[in-house]
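Let me begin by presenting the structure, written as structure tokens, before commenting on it.
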């Protein structure tokens, strides 16, 4: 009987695919950071009810949540060069539409898409921050920005972290769609490599293992970070049995 | 010296503070008493713009603000030169006692971290919390939290400290320790405005007592005048109802 499943290959080819892991992580982390900034801006616009921007951001969130990411990737992939060509035509500039590194399309799309989702978790987290602390900040004479940076964001981060961690994990797996913009990340590289020996199934098994391990590592890191941020829940007060009991029950 | 002239505050149609005039000399302790919902707290919160008054003038020494034209800088000036002690303490829950006291020193007064820590430690010693400096608010009793709140206000070294019912949220057995700390601050010559329901305490430490009802000052005088020979009918009723145990002359 021919060898239907090459068990060894699953593991022996992992190092070869791992060479592309940095690209996957790069796409995920950079677009995550951008998406946090976009999400924060969108959340603040919604909280502060800023007139015109509010409508625009609501439209943006609705569009990003209402269309599949693969469609969005194609849209940016074709739209950005088209916009550049128009700019060239009307302003007499000479941007080369072919010189745009494809990874930029991917980063832009993932950042915008993830930003829309993150904006809602960030908004909820910000609105969950204790009013009293914010008021104390104002009473001390902190500026709006200082209150945001010193009081609101640190507390909101703790609330938002689990959700944001989820969205980062989602993003890592989402990067496997980057091939539609001709970016060769892990999955795309795997497919190319597998076309040498037509062992596609083994390749997908290897990929599954890698993604899974990366996700588990990230989960652990996030959980550790969350625990570190929740400093005030870490310690068991030794001198108050009631509080200690309350904490142990929790 | 702090001077309030013709202050008005409305919440919608509800006129909460009506044409209030109040002057507090340096080193004076002014107590505001009166029934719940009479606008005492709102008046206090208008002084540092935690509520925005509709009209009036607030003057801090030679800095005068017409509240209808108050700029962001004016508001920050008022807030940076006053401090507030809140009914619900309003400590930052992810910061330790000492970090709570340091926050305003570092962020607002731009003191360097080391210096701020020394100052904060001094004030925590001052309110009798030398062994609780590194505790988080949830590890402290209500009385201890409020003492941190008072240390935070004292450390900022403001021109006037505003106490918004500092003992109303405390268990009866913790009221004493907080009042003792306020009493000590008064003896040091701090300028203070205290909204309180602790009549015997008010009578003991206030230089002047203001009886507040339905948004206006009904009666004003020394504690002896107001408590022993109230002129206004409403003041008499109120004081009879709170039933001071020692409403007689020794």
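Bear in mind these aren't lab numbers, they're just calculated from the coordinates by the rules spelled out. Everything quoted here is computed from the prediction, not taken from an experiment. We place every Cβ from the backbone using ideal geometry, glycine too, and count neighbours over all the protein chains shown.
By the gyration tensor of its Cα atoms, with a ≥ b ≥ c the square roots of the eigenvalues, what is the shape of chain B: rounded for a/c under 1.5, prolate for a/b over b/c, or oblate? Judged from the Cα gyration tensor, chain B comes out oblate (a/c at least 1.5, b/c at or above a/b). Extension gain, residue B:207 to residue B:77, is 44.2 nm, computed as 0.36 nm per intervening residue step minus the present C-alpha separation. Shape of the stretch B:122-250 from the C-alpha gyration tensor: prolate (a/c of 1.5 or more and a/b above b/c, with a ≥ b ≥ c the square roots of its eigenvalues).
Quick check on chain A: take the gyration tensor over C-alpha atoms, sort the square-rooted eigenvalues as a ≥ b ≥ c, and tell me if it's rounded (a/c under 1.5), prolate or oblate. Spell out each step's value before the answer.
Numbers: a/c = 3.10, a/b = 1.27, b/c = 2.44.
Oblate is the answer for chain A, as a/c is 1.5 or above yet b/c matches or exceeds a/b.
Under a Gaussian network description of chain B, with springs only between Cα atoms under 10 Å, the residue in B:179, B:50, B:60 that fluctuates furthest is B:50. Per residue of the protein assembly as shown, what 222 nm ellipticity follows from adding -39500 (n - 2.57) for every DSSP H run with n ≥ 4, rounded to the nearest 500? The helix-only estimate for the protein assembly as shown comes to -18500 deg cm²/dmol at 222 nm. Length gained on full extension, residue A:227 to residue A:37: 66.0 nm, using 0.36 nm per residue less the C-alpha separation.
Given R₀ = 56 Å, FRET efficiency for residue A:166-residue B:224 by Cβ-Cβ distance, to 0.05? Let's see the in-between values first.
Numbers: r = 65 Å, r/R0 = 1.17.
For residue A:166 and residue B:224, the calculated efficiency is 0.30.
Distance between the pseudo-spin-label points of residue A:95 and residue B:183 (7 Å out from Cα toward the beta carbon): 7.3 nm. In this structure, residue A:208 and residue B:157 have a Cβ-Cβ separation that, at R0 = 56 Å, corresponds to a calculated FRET efficiency of about 0.35.
Computed extension gain for residue B:138 through residue B:197, at 0.36 nm per residue and net of the alpha carbon distance, reaches 18.7 nm.
Can you give the Rg/Rh ratio of the protein assembly as shown, where Rg is from the C-alpha atoms and Rh is the Kirkwood radius?
Numbers: Rg = 30.9 Å, Rh = 27.2 Å.
Computed over Cα atoms, the ratio is 1.13.
Take the Cα of residue A:217, step 7 Å toward its Cβ, do the same at residue B:52, and the gap between the two points is 5.1 nm.
Consider a paramagnetic label point 7 Å from the Cα of residue B:36 along Cα→Cβ; state which residues of the stretch B:197-218 have an amide N under 13 Å from it. Counting only backbone N, you get B:197. One Cα centroid belongs to the stretch B:205-226, the other to the stretch A:1-75; the line between them spans 64 Å.
When both the stretch B:94-130 and the stretch B:5-23 are represented by their alpha-carbon centers, they are found 35 Å apart.
Using r as the Cβ-Cβ distance of residue B:1 and residue B:241, and R0 as 51 Å, what FRET efficiency do you calculate, to the nearest 0.05?
About 0.90, to the nearest 0.05.
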